[in-house]
Every structure is written in structure tokens, then in C-alpha cells.
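> Pasting in a structure now, in C-alpha cells, and then I'll have a few things to ask.
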Amino acid sequence: MMEKMIFGRYVPAQSIIHRMDPRSKLILIFLFVCVVFIANNVYTYAALIIYTFAMILLSKVPVRFIIAGLKPVFLLVIFTLILHLFLTREGAIIFELGPITIYEEGLRQGIFISLRFFLLILMTSILTLTTTPIEITDGLETLLGPLKKVKFPVHELALMMSISLRFIPTLMGETDKIMKAQTARGVDFSGGPIKERVKAVIPLLIPLFVSSFKRAEELATAMEARGYRGGEGRTKYRQLSWRITDTMMLLLLAALSVILILLRT
Amino acid sequence: MNELVRLQDISFQYDEEADYALKGVSFSIYEGEWLAIVGHNGSGKSTLAKLLNGLQYAQEGTISVDGMLLSEDTVWEVRKKIGMVFQNPDNQFVGTTVQDDVAFGLENHGVAREEMVDRVRHSLEKVKMDQFLDQEPHHLSGGQKQRVAIAGVIALRPNLIILDEATSMLDPRGREEVLDTVRELKQDHQMTVISITHDLEEAAKADRIIVMNKGKLYREGSPAEIFQMDEELVQLGLDIPFPVKMSKLFKEKGIPLTKYHLTEEELVNELWTSHSKM
Ligand SMILES: Nc1ncnc2c1ncn2[C@@H]1O[C@H](COP(=O)(O)OP(=O)(O)OP(=O)(O)O)[C@@H](O)[C@H]1O
Ligand SMILES: [Mg+2]
């Protein structure tokens, strides 16, 4: 179940977006976050919506995966909408019932801001749905590469991330095994009051910690035996390749921002 | 035969341990041989392997590999020449996929990318795992993971492979797969193999056996010589292989066999070709 939470995100498919360089995807998302703030009227938001939906179509990710990704933040979007609806007191009154008054500006602001939120989440979902975690790691490692000059441990962080990714399924399997072993000894993980359940987690966590430390030690020895001595002088096997589509995608976003700037009021 | 590795009067003690893990160990390893190291738990076998690869440094004595004296300056060169495969298949798999894992050692040694691609393919073909390039480790069996580990080692083209109980966590089939792979590699590339093992049946197939006891080299010899020791081996905490045990029982019953047989096949052959004299 937890495996799905972490790995179920990536949806393999053959699409332009899937084939994009993770670097350009990361840059694209970062810029999109800025571009979204240019929009301030109906036309500009319409342009943003068209762009986002075009990206979804290009990614060929089935809509149900995107909706599944939106579920956890849906409440937040609604909450933002309601907050703006009731708290903004500008413009003409469009609705009045007892103590509740809704102003035109409140409705406008509410819709725009939740829409902004919604679009940002859609775009980041497209990133995580079309890029494997290891690709994201590689992309981040190269993009953050210049930070090495100021002694920021980019290589180490990337290695940590990739080793975590590699060991998550292993540790999940182990958790499962320990859980079964402890259930056989009479530990009840399924029910009871919160206090009991927290207590039940202890006989799960302790063996898990012990074995993880043992794994870490053995892994370090194995890595050293295979000649690992830090990032210096290391070559890379995984290769990122920037294609024309990557440049095109970034140009498309540039075009979008020009349009937004022209349309905004 | 050329000497590949020489250990001279090696003594080693872990920090804060009262006893020596190794005490005055000297022996040589020759090019192209299959050397089995056996001994009870805690007899110092793994420690020995770690010293050979410079993962620990001996307090006394010297180790030379291919004419180079092992020290902190030469350790990276030595690690290129000596590859190690460890016991737990999971805890030595570094990459997120099979090909990434094989490439890990090459990346560490700064091999150029084009050559890496070549060597990764080639090594995986050698261990018959080239169908699994993009497979993730949790979808592989233990034996498959160990074969990937071996591919990672041979990609660096070492002269010597050390298997530290590399098959002890595998089922019989996985064990045979891995050992067959190593045997083939040894033949094709004139590699030298050190196999640390508790499985005396496997050791019986080696060219030479070293028996360790309490941190000391107890005996060194051909499998036939070692299994002559018989009860002595049991006292050292080792189990005699089944064919040797059988041969002995036959002798006790007064059935004359030409020698103690080390493999089942040999034993069966002698039995069915001998004329009954009873
Ligand atoms: N990291 C360590 N720190 C301290 N002592 C250690 C360490 N590793 C091993 N020892 C000790 O050194 C001695 C030799 O251990 P070693 O692991 O070499 O034995 P081994 O022959 O490989 O045993 P096994 O058959 O169980 O693998 C043992 O007494 C052990 O307790
Ligand atoms: Mg050991």
C-alpha cells in the first residue's frame, strides 16, 4: 500500500513529456510557478488553463491518475475559495443572507486564487507522473551542480536520495516480515485505542532500526570495496540528454508568459 | 605458478577487542587457482578478506598484491585488482537498477561513459543477466542479485575475486547458478578465486584449502590432504562432506576403497565399478 504511495506516482507511457529531460521539466515547473502569478483576469487565466490542459494531453497520462493526485489537496482548494469568499469585502454585493454577505471581488479573488493553486498542483503532478524518482534525482543533481563551488554537498545528497529510493522497497518488505513475525507473537497492529496502537509500533520499529543500521554498515563496506571515495573524479553512467523538444517546451512557456503580460490588466 | 598475493606475518586486532582477530598469518595466493578458506564462525575469515582489500589495515605484517605493497597510497589500485562479493545480496546492491549497480564501480574509478556502457553490457552478458538491464533489485531473486554483484566486480576486470560466503543466503539452485558463473569466468579469464565458505562440499572442488582456527592458519593443502584430517576437522567446528563421511564408513565396515572420495560422483563411480568381494 505504502509502495503505491511512493512509486505508484510514476505512470510509464511514451509521450513527449515523458521523454523530456528531467532538467528541463524541473526548470519548466519552477518557471511556471512564477508565470502563474502574472495572470490577473479572465483572459489570462483562460490562457493558463489552456496551456495546462494541453500539457496534460501531451503527457498521455490517464485522467484518473491526475484526479487521484488531486484528491488530497482538493479540500485545501475549497478552503481557499471559501476563505476568500467570506473575508474579502470589496466591490458590489452579489448575495446576502442573514449574516453572510458575498461581494463580487471576493468571488473573483476566491476563484482566481484557488484556480492558481489548482493549476500549480496539476503541473507538478504532470512532473511526478511522467518522471521516475531517479530521473528527478539526476536532474536535481545536475541543476544544483554549481552549488558544489560553495561546498554544498550536491553529490552526497543525490547519492543519499538514490540509495533511499533503492532501499524503500527492501525496507517495506522487511517491515511486512517483522509485522507478521510480531503478529505471530501476539502483537495486535490492527485495532484498539491510540495508546495501544502506538505501543504496538515499538516492537516493529526496534528490529527495523537494528537491521537498517546493519544494512547501512554492510552497504558502506561494499561501496568502499567497489572503490567509492566520494564524488571527486567520478564519472556518471546515467546520462541526461537535452533535446530540441526541451528547448521548444521552454520557448512555449516563454510565449505563454508574453501572452499573459499582453493580456493582463 | 606465479604468486599473486603474499601475506606475511599478518596480525590484526579490532579496536577495543581483547583478542587478535588474526595472529601471525602467512600464505600466498597463486595466479589462476581456486582457493577455499574454511573455518569456524569468528575464526577470522572475513577479517582476512577485508585486509586483502584494504578495508582494514593489519597492525603487523605486510600484504603485497601483484608486486605492490598494500598501503593507504596503493589501496585504490589494489581494489581494482581485487573484487569482493559479500554474503547479503541486498546489502551490496547500490544502484536503483541492474545496470546502474554494475556501473557503480566503474563510475567510482572514473571510467569514461562510452566504455562504461560497453563494459556493463559485457559483464551482464557474462553472468547471463543481460535480459534484466532495467530491473529493480526488489524484483530479483537472491541468486540473480549475487550474479549482478559478480558482474559489478568483473566489470572492473580484477585479477582476483573474493567470495565471502557469497552463496550462503541462497537456495541450492541459486548457489549452483552463482558458483557455475564464477567457474566459467575463472576459466575464460584465468581469474583467481578465493571462496570463503562453510560448505565443505564446495571447498572440496577447490584447488587448495586453507583451514582457519581462532585467527590462525591451521592447515593448508589440497582438498584430499585436508579431508584426511577427518575427526580433527569436526573438532575445528567443520562438517565433513557427505561423500568423505560415506567413504570412511565403508572403510570401517571393511569395504576397501582406493581413497577417501571428495565428490559423490567419484564415490558412486568407484562403487559401481568395484567387484563385490563379500
Ligand atoms: N567490526 C568488528 N568489530 C569488532 N570485532 C569484530 C568485528 N568484526 C569481527 N570481529 C571479531 O573478529 C573475529 C573474527 O571475525 P570474522 O568476521 O573475521 O570471522 P569469520 O571467520 O568471518 O566468521 P563467520 O564464519 O561467522 O563469518 C571475531 O571474534 C569477531 O567477533
Ligand atoms: Mg565472515
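The values are calculated or read from the model by the stated rules, or taken from the named source; none is laboratory data. Note that the coordinates shown come from a computational prediction; the quantities given were computed from them, not determined experimentally. Every residue, glycine as well, gets a Cβ built from its backbone with ideal geometry; the counts of neighbours run over all protein chains shown. The protein model used for the area step is the full one, side chains on, heavy atoms only, and it has no ligands, DNA or RNA in it. Shrake-Rupley method; radii C 1.70, N 1.55, O 1.52, S 1.80 Å.
> Keeping every protein chain present and rolling a 1.4 Å probe, give me the accessible area per residue for chain A in Å².
Here the residues of chain A average 60 Å² of exposed surface.
> Here's a follow-up. Please list, short to long, the whole-number percent of alpha-carbon pairs of the stretch A:1-121 in consecutive 10 angstrom bins beginning at zero.
Binned Cα distances yield the sequence 11, 33, 32, 16, 7, 1.
> If a/c stays under 1.5 just call it rounded; otherwise compare a/b with b/c (prolate if a/b is bigger, oblate if not). Do that for the stretch B:1-74, with a ≥ b ≥ c from the square roots of the Cα gyration tensor eigenvalues.
oblate
> Please report the relative contact order for chain A, taking Cα pairs under 8 Å with a sequence separation of at least 6, and give it as a percent rounded to a whole number.
31 percent
> With a 1.4 Å probe and all protein chains in place, put A:Arg197, B:Arg173, B:Arg79 in order of accessible area, largest first.
Putting A:Arg197, B:Arg173, B:Arg79 in descending order of accessible area: B:Arg173, A:Arg197, B:Arg79.
> Let me ask something else. Take every Cα pair under 8 Å in the stretch B:3-240 that's 6+ residues apart, average their separations, divide by the length, and report that relative contact order as a whole percent.
So the answer I get is 27 percent.
> Above 31 Å lies some portion of the pair distances; for the protein assembly as shown, what is it as a whole percent of all C-alpha pairs?
I get 62 percent for the Cα pairs in the protein assembly as shown exceeding 31 Å.
> Also, I was wondering about something else. Which of these, B:Val78, B:Val111, B:Val268, has the largest mean-square fluctuation under a Gaussian network model of chain B (Cα springs below 10 Å)?
B:Val268
> Let me ask something else about it. Evaluate peptide A:24-37: per residue, the Cβ atoms of other protein chains within 10 Å of its Cβ; return the mean as an integer.
Neighbouring Cβ atoms belonging to other protein chains average 0 per residue here.
> Sticking with this one: So how strong a dipole does the protein assembly as shown carry about its Cα centre when Lys and Arg Cβ are +1 and Asp and Glu Cβ are -1, to the nearest 20 debye?
It comes to approximately 1900 debye.
> Any idea what Rg and Dmax come out to for chain A if you just take the C-alpha atoms, in Å?
Values for chain A (Cα only, Rg and Dmax): 24.1, 75 Å.
> So what is the accessible area of the stretch B:145-271 per residue, in Å², with the probe set to 1.4 Å?
Using a 1.4 Å probe on heavy atoms only, each residue of the stretch B:145-271 averages 47 Å².
> Please calculate the 1.4 Å probe accessible area of B:Asp180, with all protein chains present, and give it to the nearest 10 Å².
Roughly 70 Å² of B:Asp180 is accessible to a 1.4 Å probe.
> Just to be sure I understand: of the beta bridges DSSP finds with both ends in the stretch B:3-240, what percent are antiparallel, rounded to 5?
Percent antiparallel among DSSP bridges in the stretch B:3-240 is about 50.
> Could you sort the peptides A:45-58, A:251-264, A:91-104 by per-residue average Cβ neighbour count (10 Å cutoff), highest mean leading?
Ranked from most to least packed, the peptides come out as A:45-58, A:251-264, A:91-104.
> Sorted by accessible area with a 1.4 angstrom probe, largest first, how do B:Phe104, A:Phe30, A:Phe118 fall?
Heavy-atom accessible area, descending, gives A:Phe30, A:Phe118, B:Phe104.
> Another question, if that's okay. In the stretch A:128-234, with Lys and Arg counted as +1 and Asp and Glu as -1 at Cβ, which of these residues, A:Leu140, A:Val154, A:Phe189, has the Cα nearest the positive end of the dipole, that is, farthest along it?
A:Phe189
> Express as a percent, rounded to the nearest 5, the fraction of DSSP beta bridges in the protein assembly as shown (both residues included) that run antiparallel.
55 percent
> Cross-link candidates for A:Lys151: which aspartates and glutamates have Cα within less than 20 Å, leaving aside residues fewer than 8 places away along the same chain?
Counting by Cα, and skipping residues close in sequence, A:Lys151 has these aspartates and glutamates nearby: A:Asp138, A:Glu141, A:Glu232.
> On the accessible surface of chain A, probed at 1.4 Å, how many percent belong to carbon and sulfur atoms?
Carbon and sulfur atoms account for 72 percent of the accessible area of chain A.
> Using 0.36 nm per residue of separation minus the Cα-Cα distance, give me the extension gain between B:Ser168 and B:Phe27 in nm, one decimal.
Difference between extended and current length: 48.2 nm.
> Could you work out [θ]222 nm for chain A from helices alone, using -39500 (n - 2.57) per DSSP H run of at least four and dividing by all its residues? Round to the nearest 500 deg cm²/dmol.
Only helices count here, giving -24000 deg cm²/dmol.
> Is the C-alpha gyration tensor of the stretch A:146-225 telling us rounded, prolate or oblate? Criteria: a/c under 1.5 is rounded; beyond that, a/b larger than b/c is prolate, otherwise oblate.
Note, shape of the stretch A:146-225 comes out prolate.
> Residues of the stretch B:91-130 that become at least 40 Å² less accessible with every protein chain present than in their own chain isolated, using 1.4 Å: which are they?
B:Asn91, B:Val94, B:Thr96, B:Asp100, B:Phe104, B:Glu107, B:Asn108, B:Arg113
> Could you give the dipole magnitude of the stretch B:1-122 about its Cα centre, charging the beta-carbon of Lys and Arg +1 and that of Asp and Glu -1, in debye to the nearest 20?
The dipole of the stretch B:1-122 has a size of about 260 debye.
> Still on this structure: So for B:Asp90, B:Asp207, B:Asp15, what's the accessible-area order with a 1.4 Å probe, most first?
B:Asp15, B:Asp207, B:Asp90
> Just to verify a number: what accessible area does B:Tyr57 come out at with the full protein assembly present, 1.4 Å probe, Å² rounded to tens?
Per-residue accessible area (B:Tyr57): approximately 80 Å².
> Could you calculate the FRET efficiency of A:Lys151 with B:Met1 from 1/(1 + (r/R0)^6), where r is the beta carbon distance between them and R0 is 60 Å, rounded to 0.05?
The computed FRET efficiency comes out at 0.75.
> Distance from the Cα centre of the stretch A:222-265 to that of the stretch A:158-197, in angstrom?
Each part reduced to its Cα centre gives a spacing of 35 Å.
> For chain B, find the longest principal axis of its Cα atoms and tell me its angle to the long axis of helix B:98-108, 0 to 90°, nearest 10.
70 degrees
> Excluding residues on the same chain fewer than 8 positions from A:Lys71, give the lysines whose Cα lies under 27 Å from its Cα.
Cα-Cα hits under 27 Å: A:Lys4, A:Lys25, A:Lys60.
> What are the ³J(HN,Hα) couplings of the stretch A:228-237, residue after residue, when phi is run through the Karplus curve with 6.51, -1.76, 1.60 and θ = phi - 60°? Round to Hz, x for glycine and proline.
6, 9, x, x, 5, x, 8, 9, 10, 8
> Hey, another quick one. Compute the distance from the alpha-carbon center of the stretch B:1-38 to that of the stretch A:23-95, in whole Å.
So the separation of the two Cα centres works out to 67 Å.
> Also, quick follow-up: Summarise the partner chain shielding of A:209-220 as one whole number: the mean count of Cβ atoms from other chains within 10 Å of each residue's Cβ.
2
> Still on this structure, I have one more. Where in the stretch A:139-158 does the label zone of A:Glu232 land, with the point 7 angstrom along Cα→C-beta and an amide N cut-off under 17 Å?
Label zone hits: A:148-157.
> Kirkwood hydrodynamic radius for the stretch A:84-192: how many Å is it when counted over pairs of different Cα atoms?
Over the stretch A:84-192, the inverse of the mean reciprocal pair distance is 19.5 Å.
> Now for a separate question. Radius of gyration and Dmax for the stretch B:3-240's Cα atoms, expressed in Å?
Every Cα atom of the stretch B:3-240 included, Rg and Dmax give 17.6, 56 Å.
> For the pairs A:Lys214/B:Lys145; B:Lys45/B:Lys205; B:Lys80/B:Lys145; B:Lys145/B:Lys205; A:Lys199/B:Lys145; B:Lys128/B:Lys245, note any where the Cα-Cα span goes beyond 27 Å.
A:Lys199/B:Lys145; B:Lys128/B:Lys245
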